[in-house]
Amino acid sequence: MIGNWLDIGPVDQITPGNARTLPVMGGEEIAIFRTLGGEFHALVNKCPHKHGPLSQGIVHGGVVTCPLHNWNISLKTGEALGEDKGCVPVIPLKVDAGRIFLLRSAVMGQMAA
Amino acid sequence: MELQGGGGPELDLAEDLTLAADDRREHLVVVGNGMAGCRAVEELLARDGARYRVTIFGAEPHVNYNRIMLSPVLAGEKAFDDIIINDRAWYADNGIDLIVDDPVMAIDRAAKIVTSKAGRVVGYDRLLIATGSDPFIIPVPGKDLPGVISFRDMKDVDAMLAAAEAGKADGGGHAVVIGGGLLGLEAAHGLTLRGMKVTVIHLMPTLMERQLDEAAGWLLKTALEGRGQTILTGADTAEIYGEGKVEGVRLKDGRDIPASLVVMAVGIRPSVALAREAGLDVGRGIKVDDHMVTSDPHVLAVGECVEHDGNVYGLVAPLWDMCRSLADGLTDRHSGYRGSVTSTKLKVAGLDVFSAGDFSGGDGCEDIVLRDAARGVYKRVVVKEGRIIGAVLYGDTGDGGWYFDLLKREEDVSDIRDFLIFGQSYASGGGQADPKAAVAALSDDAEICGCNGVSKGQVVASIQGGACTLDALRAGCKASASCGSCTGLVETLLAITLGDEYSGERATRTMCKCTSFGHDDVRREIVAQGMKSIPEVMHRLHWSTPDGCASCRPALNYYLLCSWPGEYQDDQRSRFVNERLHANIQKDGTYSVVPRMWGGLTNPRELRAIADVVEKYDAPMVKVTGGQRLDIFGIKKEDLPAVWADLNAAGMVSGHAYGKSLRTVKTCVGSEWCRFGTQDSTGLGVKAERMSWGSWMPHKFKIAVSGCPRNCAEATIKDFGIVCVDSGYELHVGGNGGIHVRVTDLLCKVATEREALDYCGAFIQLYREEARYLERTAPWIDRVGVDYVKQRVVEDQVGREALLRRFLYSQSFSQDDPWAERVAGAHAELHQHIAEVRPMEIA
Ligand code: SRM
Ligand SMILES: Cc1cc2nc3c(=O)[nH]c(=O)nc-3n(C[C@H](O)[C@H](O)[C@H](O)COP(=O)(O)OP(=O)(O)OC[C@H]3O[C@@H](n4cnc5c(N)ncnc54)[C@H](O)[C@@H]3O)c2cc1C
Ligand code: SF4
Ligand code: FES
């Protein structure tokens with residue numbers, strides 16, 4: 001049986017303050033972040049502004065600054081902070097026994113219908 | 001029934017079983033004589049002492065002791081007897097059958113019996129599994145060598161004490177602790193006190209990263225190093241080696257640390273093997289409901305071995321809650337366990353570290369930070385929607401309990417928000433008071449600025465004497481000019497003294513919202529206080545956020561890099577994407593690649609390599625830039641290292657078209673070919689580029705060399721422009737062709753190429769050392785005046801030579817091609833995807 005969670009490998013693949021990408025064939029690429037505080041988050045790798053790759057931004061607190069025009073995006077809710085308006089889908093993520101798991105249905109939901 | 005396995009003493013099984021015969025009470029059998037198992041029995045006895053007959057199996061040869069106190073036992077602060085919770089008499093008085101040194105090996109749920117290693121077979125009506133956790137052992141070669149242990153029970157402590165004792169013979173002995181979490185650091189502390197030389201190997205960049213943020217982790221690391229421990233963060237163990245016993249640890253980066261003892265403290269896993277074999281529902285832990293009942297109504301479980309509502313715990317506080325609910329359930333009161341919020345304290349004498357709740361920050365969360373560098377204190381409270389959701393305290397943990405209590409009770413703290421960080425006594429006393437009134441009430445000789453010993457009276461006198469801004473005060477009486485922690489007080493004094501006249505506006509803008517300091521203050525303090533890392537600066541200068549923001553991190557990274565060449569370790573995470581990936585990000589998320597073409601010169605080999613790359617990677621466009629070189633567009637981040645490898649093979653290096661660094665040196669053809677050329681402008685341009693490429697600067701920096709005043713290389717709109725004339729070289733500075741076009745100022749005229757290059761290097765270094773991050777030479781010179789630059793670079797010969805020396809010294813560390821480093825495998829994770837999802841896998 002295939003579980004609800006997709007195992008994408010050990011946590012130490014992402015060092016704190018960095019992000020890695022997960023391309024989904026036929027769907028939206030996902031960015032997986034690890035904050036300096038050690039939290040993990042996953043978002044669709046597309047800024048709500050003009051689709052900048054959020055995985056390439058600077059991570060500070062629970063926020064990533066988009067590399068294209070410096071919007072600040074919340075890693076928890078995917079929402080643009082401050083004056084800017086917009087939201088990017090959050091992919092539910094859990095860490096279990098040192099491995100990162102993404103909610104399978106949410107990953108699939110990012111595939112073109 | 002036959003004897004299964006063995007190991008225990010010879011048994012009279014018949015005797016064991018007859019005991020049960022005349023006791024009609026329900027039989028509760030507990031597997032695990034540890035903290036949770038025994039506590040559960042205590043809670044049960046307190047409710048209804050007579051209801052159950054109780055038998056406890058323990059794998060360890062001891063009565064129940066306080067596991068968390070193993071650390072003080074190791075450190076020599078306590079003896080084993082001091083940490084016993086229940087002695088033999090307690091078991092006897094309560095009629096509990098205790099079987100030690102004999103683990104339960106199997107559960108037969110159908111027959112409701114358990115079988116022990118020594119062969120005891122005991123029937124139960126209710127079974128309680130409290131097997132705790134197993135230390136996690138990282139699967140490296142050598143993990144099974146004698147001398148490699150974990151830190152979980154008394155036998156581990158005995159092994160550590162024996163190793164320390166043996167080490168005394170040869171002058172101390174070396175121990176390696178793998179894992180810089182709570183357990184690992186307590187082990188390291190104990191071993192250090194026992195005379196061993198200890199190295200802690202931690203995979204993550206921050207110690208105790210699950211409990212501490214970067215700032216507190218840095219303070220802790222510094223303190224431990226001060227106590228003689230070697231702390232290696234970001235270190236990954238490759239193998240443990242030795243002939244017949246452990247001799248050392250080898251890291252993946254090749255480092256080798258000799259050791260006669262290796263303690264693995266990388267984490268724990270719920271001990272679930274027994275439950276799983278018995279067919280109980282097991283996730284990460286044994287699954288239980290709110291009454292600690294497993295998937296079998298006759299079997300309960302409690303402690304670290306369970307999973308409740310998706311959570312597993314590794315601390316004692318949740319066990320107490322669980323045991324209460326369990327005992328309630330067993331005595332038909334059914335209160336129900338609802339999960340626990342935990343807090344952590346490190347048990348290392350003299351180091352106060354506390355953390356609780358969620359301090360990852362983010363949305364709607366507000367960080368209140370207090371840093372007192374002089375006292376080594378860092379406090380951070382995270383507030384969301386008026387309630388405390390997390391706290392990290394270092395150095396002064398006195399208020400940890402209070403914050404934790406407010407957190408657990410989800411108390412609304414809006415009213416005391418402004419005083420919260422100063423602690424309970426302050427907040428409850430001053431909660432209603434007006435901060436201005438409090439400052440106004442201070443006596444004239446009350447100290448305002450501790451660093452510079454400035455009293456309130458002195459500050460007020462300075463203000464009345466005309467210092468009407470914070471910066472004027474900092475320059476004059478020096479209040480708030482050092483650590484900055486009194487900035488708020490000083491500003492309040494300005495407001496009180498000047499009344500409506502004080503606009504509250506600062507003459508200098510602060511670096512960003514994370515600090516009350518301006519760029520110049522930060523730079524000055526980095527050098528004055530010898531600060532060498534980002535967390536250190538943030539701590540000493542009282543940053544108001546835990547890890548800065550996208551504005552201050554890159555600036556601090558640059559200031560540190562510039563101040564400590566060769567010493568400071570660049571922080572990739574603090575770099576804007578282009579500098580992190582050494583290529584320019586494009587609007588579609590691909591990258592452009594610009595190899596360096598020295599002075600705008602190229603040759604067939606380079607052109608061929610570029611042409612090949614364009615074809616091989618199907619680059620949609622290649623273009624001649626305004627900087628006299630070629631730009632290849634549309635390269636994916638994964639392909640960058642391969643593209644660079646091909647370009648490197650043809651002798652080309654990074655053009656830094658992406659960096660706050662030297663960009664291009666534009667040249668014209670000059671005296672070699674041009675009928676008007678006065679000097680070899682091309683050759684001089686190449687030399688200037690060879691000298692200055694690779695240097696990091698406050699902003700991008702462009703050079704041009706024109707062969708005559710016709711100025712075909714547009715040298716008079718460059719940061720440093722050279723215009724060749726018959727009698728020598730005119731040097732120009734501060735030009736900009738960008739948003740606001742600015743023509744250069746003439747710096748001076750020199751006679752030789754050598755001088756032109758030397759002045760160029762000195763000018764760059766002055767700019768590197770004194771301009772603010774993201775300030776190009778044009779606005780910088782507008783701010784400081786060209787006369788100042790002339791005085792430093794032209795008139796002061798000694799000063800100029802020193803600037804040049806510092807520039808060349810720093811260049812000796814920065815002229816390694818960043819592309820070649822990536823091709824060789826550095827930071828591969830920045831380029832590669834973590835994994836890939838294909839439809840088949842998710843279908
Ligand atoms: C590629 C190039 C245009 C071209 O196709 O010719 C270019 C492309 C960009 N320029 Fe430029 N500039 C290029 C020559 C110039 C020049 C001409 C020159 O250097 O002689 C100027 C005016 C001269 C000057 O800098 O004073 C120039 C003034 C700017 C500015 C305005 C700077 C200013 O101080 O006002 C920016 C914006 C900035 O840096 O913040 C900018 C920013 C940019 C950025 C980096 C925009 C960005 O942040 O993403 C563009 C990146 C494109 C890319 O991905 O490669 N570019 N840019 C030129 C690359 C030169 C090279 O070989 O490295
Ligand atoms: C050195 C150290 C320091 C710590 N410091 C702290 C601290 O400061 N604060 C804090 O909150 N927590 C701390 N902890 C964690 C704390 O000790 C645990 O959370 C707690 O002990 C868990 O209780 P438990 O009963 O679930 O497991 P344990 O206390 O481990 O008890 C489980 C018992 O079951 C036995 N057992 C296992 N399998 C079987 C079997 N098949 N048959 C019979 N017996 C079996 C084990 O031998 C063990 O004795 C520390 C732990 C250690 C090791
Ligand atoms: S002029 Fe504007 S659009 Fe053209 S490359 Fe420069 S920044 Fe981009
Ligand atoms: S695309 Fe992210 S800020 Fe513009």
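Summary of values
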read-out: Segment B:519-574, accessible area per residue, ligands and nucleic acids excluded (1.4 Å, Å²); value: 30 Å²
read-out: Average projected area [Cα convex hull, the protein assembly as shown], square nanometres; value: 47.8 nm²
read-out: Computed Rg/Rh of segment A:2-112, alpha carbon atoms with Kirkwood Rh; value: 0.95
read-out: Chain B: antiparallel DSSP beta bridges as a percent of all, rounded to 5; value: 60 percent
read-out: Relative contact order (%) - chain A, alpha-carbon pairs under 8 angstrom, separation at least six; value: 27 percent
read-out: Within segment B:52-142, percent of DSSP bridges classed antiparallel, to nearest 5; value: 75 percent
read-out: Rounded accessible area per residue of segment B:102-179, 1.4 Å, Å²; value: 41 Å²
read-out: Residues B:ARG605 and B:ALA273, FRET efficiency given R0 of 45 Å [Cβ-Cβ distance, rounded to 0.05]; value: 0.10
read-out: Percent carbon-and-sulfur accessible area, chain B, ignoring ligands, DNA and RNA, probe 1.4 Å; value: 50 percent
read-out: Extension gain from B:ARG509 to B:ARG375, taking 0.36 nm per residue of separation minus the Cα-Cα distance; value: 45.4 nm
read-out: Distance violations [Cα-Cα > 28 Å] among B:LYS379/B:LYS513; B:LYS78/B:LYS117; B:LYS345/B:LYS513; B:LYS78/B:LYS245; B:LYS117/B:LYS287; B:LYS78/B:LYS345; value: B:LYS78/B:LYS117; B:LYS345/B:LYS513; B:LYS78/B:LYS245
read-out: Accessible area per residue, Å², segment B:578-649 with all protein chains present, probe 1.4 Å; value: 44 Å²
read-out: Spread of Cα-to-Cα distances over 10 Å intervals beginning at zero, given as percent, for segment B:215-353; value: 10, 27, 23, 23, 15, 3, 0
read-out: Mean shadow area of chain B, taken as a quarter of the surface of its Cα convex hull (nm²); value: 46.8 nm²
read-out: Segment B:648-751 - Rg (one decimal) and Dmax (whole number), Cα, Å; value: 13.7, 41
read-out: Semi-axis lengths (Å, descending) of the ellipsoid that matches the C-alpha gyration tensor of segment B:148-266; value: 22, 16, 13
read-out: Cα shape, segment B:688-743, gyration tensor, a/c 1.5 rule; value: oblate
read-out: Simple label model, 7 Å out from Cα along Cβ direction - B:LYS532 to B:ARG284, nm; value: 3.8 nm
read-out: Drop in accessible area of at least 40 Å² in the complex versus isolated chain, residues of segment B:541-558, 1.4 Å probe; value: B:ASP547, B:ALA550
read-out: Size of the B/A contact, given as accessible area buried on both chains, probe 1.4 Å, in Å²; value: 3800 Å²
read-out: Computed E for B:ALA446/B:ASN66 - FRET, C-beta separation, R0 51 angstrom, nearest 0.05; value: 0.60
read-out: Added length on full extension, which subtracts the Cα-Cα distance from 0.36 nm per residue, B:ASP405 to B:ALA820; value: 144.0 nm
read-out: Theoretical ellipticity at 222 nm over the protein assembly as shown - DSSP helices of four or more residues, -39500 (n - 2.57) apiece, nearest 500; value: -8500 deg cm²/dmol
read-out: Chain B: relative contact order as a whole-number percent, Cα under 8 Å and 6+ apart; value: 7 percent
read-out: Separation in nanometres of the label points that stand 7 Å from Cα toward Cβ, at B:LYS636 and B:ILE138; value: 3.2 nm
read-out: Members of segment B:318-365 that become less accessible by 40 Å² or more once partner protein chains are added (1.4 angstrom probe, chain alone as reference); value: B:SER360, B:ASP363
read-out: R0 of 25 Å, Cβ-Cβ distance B:GLN832-B:LYS623: FRET efficiency to nearest 0.05; value: 0.35
read-out: Cα shape, segment B:519-574, gyration tensor, a/c 1.5 rule; value: oblate
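The values are calculated or read from the model by the stated rules, or taken from the named source; none is laboratory data. Just so it is clear, the structure is predicted and the values come from calculations on it, not from any experiment. Backbone-built Cβ (ideal geometry, glycine too); neighbour counts: all protein chains shown. With ligands, DNA and RNA removed, areas are computed over all heavy atoms of the protein, side chains included. Shrake-Rupley method; radii C 1.70, N 1.55, O 1.52, S 1.80 Å.
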